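The values are calculated or read from the model by the stated rules, or taken from the named source; none is laboratory data. These numbers come from a predicted model, not from an experiment. Ideal geometry is used to build each Cβ from the backbone, glycine not excepted, and the neighbour counts take in all protein chains shown.
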Amino acid sequence: GGVMMKGLDILIYINGKVVGAQASAQLNRTTKIVDISNKITLDWDNFAIGSKSWSVSCAGAYIVDDEAFQALETAYFEGNPVEVEFKKEGVLTMKGQAIITSFPLNAVFNNDLSYSINLQGKGALTK
């Protein structure tokens, strides 16, 4: 039988550095479909596999001197992609280049400063 992994085992890395104080991480993978229905198939729609895409989102508490967070800040302001890894060391790694699509900071009274980030994959996601 297989061994279950816990969500807390998965971390997001940016340019090889783990993003500190993560509370959540999500890897989204999608495939577009192409409608190839025609007059001959009539009653049934038919589809082919189109292009694939992926994205990563992450949220947590803001850590002032976190290296990965600083790499994200730099990439955001300079308009550069980053290398993203969704992984548990030695068990699961998915990675690729991604572009920051949103990067809000949230300052709520009586709470820690927090962040969330959405990264859109740029090209292939690899294992």
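Before we move on, is Ile99 under 17 Å from Leu125 (Cβ atoms), modelled with pLDDT under 95, crowded, with 16+ Cβ neighbours inside 10 Å and among the hydrophobic types (A, V, I, L, M, F, W, C)?
Details: under 17 Å from Leu125 (Cβ atoms): yes; modelled with pLDDT under 95: no; crowded, with 16+ Cβ neighbours inside 10 Å: yes; among the hydrophobic types (A, V, I, L, M, F, W, C): yes.
Here the answer is no, as Ile99 does not meet what is asked.
So how many residues does segment 25-59 have that are more than 18 Å from Gly96 (Cβ to Cβ) and either under 14 Å from the mean Cα position of the chain (by Cα) or outside any strand (DSSP E or B) (or both)? Lay out the reasoning, then the answer.
Residues of segment 25-59 that are more than 18 Å from Gly96 (Cβ to Cβ), as a first pass: 33-50, 59.
Next cut, either under 14 Å from the mean Cα position of the chain (by Cα) or outside any strand (DSSP E or B) (or both) only: 36-46, 59.
Number satisfying all stated conditions: 12.
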- request: Go through segment 72-86 and give me each residue that's modelled with pLDDT under 95 and either of a type in the set (A, V, I, L, M, F, W, C) or surrounded by 19 or more Cβ atoms within 10 Å (Cβ to Cβ) (or both).
  value: Leu72
message: Being surrounded by 11 or more Cβ atoms within 10 Å (Cβ to Cβ) and either modelled with pLDDT under 95 or in a strand (DSSP E or B) (or both) is the filter here; which residues of segment 104-127 pass it?
response: Asn106, Asp112, Leu113, Ser114, Tyr115, Ser116, Ile117, Asn118, Leu119, Gln120, Gly121
